[in-house]
1. I need 157, 12, 150, 130 ordered by Cβ neighbour count within 10 Å, fewest first.
2. Arranged by the count of other C-beta atoms within 10 angstrom, fewest first, what order do 77, 141 take?
3. With the Cα gyration tensor of the chain giving a ≥ b ≥ c as the square roots of its eigenvalues, does the rule (a/c under 1.5 for rounded; else a/b larger than b/c for prolate; else oblate) give rounded, prolate or oblate?
4. Can you put 101, 13 in order, fewest other beta carbons within 10 Å first?
5. Which helices count as membrane-span-like in the chain under these terms: full DSSP H, at least 30 Å along the axis by C-alpha, Kyte-Doolittle mean of 0.0 or more?
6. Kindly provide the helix-only [θ] at 222 nm of the chain, computed as the sum of -39,500 (n - 2.57) over DSSP H runs of four or more divided by all residues, to the nearest 500 deg cm²/dmol?
7. Taking R0 as 22 Å, what FRET efficiency do you get between residue 159 and residue 95 from their Cβ-Cβ distance, rounded to the nearest 0.05?
8. If amide hydrogens are placed 1.01 Å from N in the peptide plane, which non-local residues have theirs closer than 5 Å to the one on residue 100?
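Please treat every number below as a calculation from the coordinates, not as lab data. Owing to the predicted nature of the structure, the values given are computational and were not obtained by experimental measurement. Positions of Cβ are backbone-derived with ideal geometry, glycine not excepted, and every protein chain shown enters the neighbour counts.
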Amino acid sequence: MGSRGIALVGMDVKKLLTLLNKALADEWLAHYQYWVGSKVVSGPMKDAVSSELLIHAAEEMAHAELLTTRIIQLGGIPNLTPADWFKLTNCKYEAPADPFVQKILEQNIAGEQCAIGVYEKLMKLTKDADPVTYNIALQIITQEIEHEEDLQSLLEDLKMMFKHYGKK
Ligand code: FE
Ligand code: FE
Ligand code: MG
């Protein structure tokens with residue numbers, strides 16, 4: 001850890017580390033939800049949806065990487081125990097038990113909307129107190145907003161198709 005870097009943080013570092021570890025749990029759960037969802041998804045447009053889910057899975061892991069780097073910089077320990085993910089998570093895990101495209105898209109849209117809220121809060125908290133963490137939260141939220149839009153536009157296309165064929 002860099003002591004001068006930590007001294008720059010104008011807020012409770014322990015509290016910040018807790019929030020970062022909670023976000024880390026969210027990212028791993030989101031990663032797995034997307035990854036396994038991309039494997040089981042079925043129904044119309046499943047190839048397009050599966051490809052997008054797989055890309056998002058990789059991007060959620062990159063978010064975990066950013067958070068972990070910051071946790072270590074702040075002298076913390078990234079959560080070492082996957083069993084704790086369910087205790088730490090803000091956004092929970094929605095098993096893609098129903099593999100239908102629409103259902104999976106809706107589950108992941110809800111996850112993105114939760115994630116946007118998590119990073120919005122983290123940004124508000126760190127805006128003046130910790131610009132480095134603020135910058136990381138900003139990078140991540142920018143991508144979560146992109147994820148939400150990607151999934152909502154796939155869902156719109158799907159619904160358009162249902163509407164079109166429903167008329168016949
Ligand atoms: Fe993420
Ligand atoms: Fe995301
Ligand atoms: Mg995308």
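1. 12, 157, 150, 130
2. On the way: 77 10, 141 19.
The fewest-first ordering by Cβ neighbours comes to 77, 141.
3. Values: a/c = 3.08, a/b = 2.23, b/c = 1.38.
Because a/c hits 1.5 or more and a/b exceeds b/c, the chain counts as prolate.
4. Ascending Cβ contact count within 10 Å gives the list 13, 101.
5. Working: long enough: 13-40 (40 Å, 0.06); 46-73 (40 Å, 0.18); 101-126 (37 Å, 0.09); 131-166 (51 Å, -0.28).
Helices passing the filter in the chain: 13-40, 46-73, 101-126.
6. The helix contribution divided over the chain gives -26000 deg cm²/dmol.
7. 0.40
8. Sorted by chain and number, the residues that satisfy this are 42.
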